[in-house]
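The values are calculated or read from the model by the stated rules, or taken from the named source; none is laboratory data. All figures in this text were calculated on a predicted structure; none of them were measured in a lab. Neighbour counts are summed over all protein chains in view; Cβ atoms, including those assigned to glycine, are modelled from backbone coordinates with ideal geometry. Surface accessibility is based on the protein's heavy atoms, side chains included, excluding ligands, DNA and RNA. Shrake-Rupley method; radii C 1.70, N 1.55, O 1.52, S 1.80 Å.
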Amino acid sequence: MFDQQPTLELFFDQLGLDSSPEAIDQFIENHQLTMDIPLHEAAFWSKSQHDFIISHWKKDDDWAMVVDILNEQLHKEHKLMGSCNL
């Protein structure tokens, strides 16, 4: 059972990615998505990463808030163009 409050750092750990603040900033900067690409459909996710993201978003559990934060961060360059739907 997972007892910690989910954070972006823990989310990156769960995805098997470097969770240092610098690595997260670099990931967000290097993986910007256009508004027509939903977060879970980004080509850079493995199947297990995709499944983790979509399952927690659909459950609307504590991780869903972190998914929303990452979604917003990965679409920030295109934010003025509309919304992103998962």
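Sorting Trp57, Trp45 by accessible area (1.4 Å probe), largest first, what list results? Don't jump to the answer; show the numbers that get you there.
On the way: Trp57 85, Trp45 25 Å².
The ranking, largest first, comes out as Trp57, Trp45.
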Relative packing of peptides 47-54, 64-71, 30-37 - highest average C-beta neighbours within 10 Å first
64-71, 47-54, 30-37
Probe of 1.4 angstrom, ligands and nucleic acids ignored: what's the accessible area per residue over the stretch 1-60, in square angstrom?
64
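Before rounding to the nearest 500, sum -39500 (n - 2.57) across all DSSP H runs of length at least 4 in the chain and divide by the residue total; then give [θ] at 222 nm in deg cm²/dmol. Please list the in-between numbers first.
Numbers: 4 runs with 43 residues, N = 86.
Calculated from helices alone, the mean residue ellipticity at 222 nm is -15000 deg cm²/dmol.
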Out of these labelled values of log10 I(q)/I(0) by the Debye sum over Cα atoms at q = 0.15, 0.23 Å⁻¹, (1) -0.75, -1.11; (2) -0.52, -1.26; (3) -0.58, -1.09, which was calculated from the coordinates shown here?
(2)
Cα axis of helix 47-59 to longest principal axis of the chain: angle in degrees, 0 to 90, nearest 10?
90
If you count only protein heavy atoms and use a 1.4 Å probe, how large is the accessible surface of Asp13, to the nearest 10 Å²?
80
Compute, for the chain, the length of the dipole vector about the Cα centre, with Cβ point charges of +1 (Lys, Arg) and -1 (Asp, Glu) only. Units Debye, rounded to 20.
300
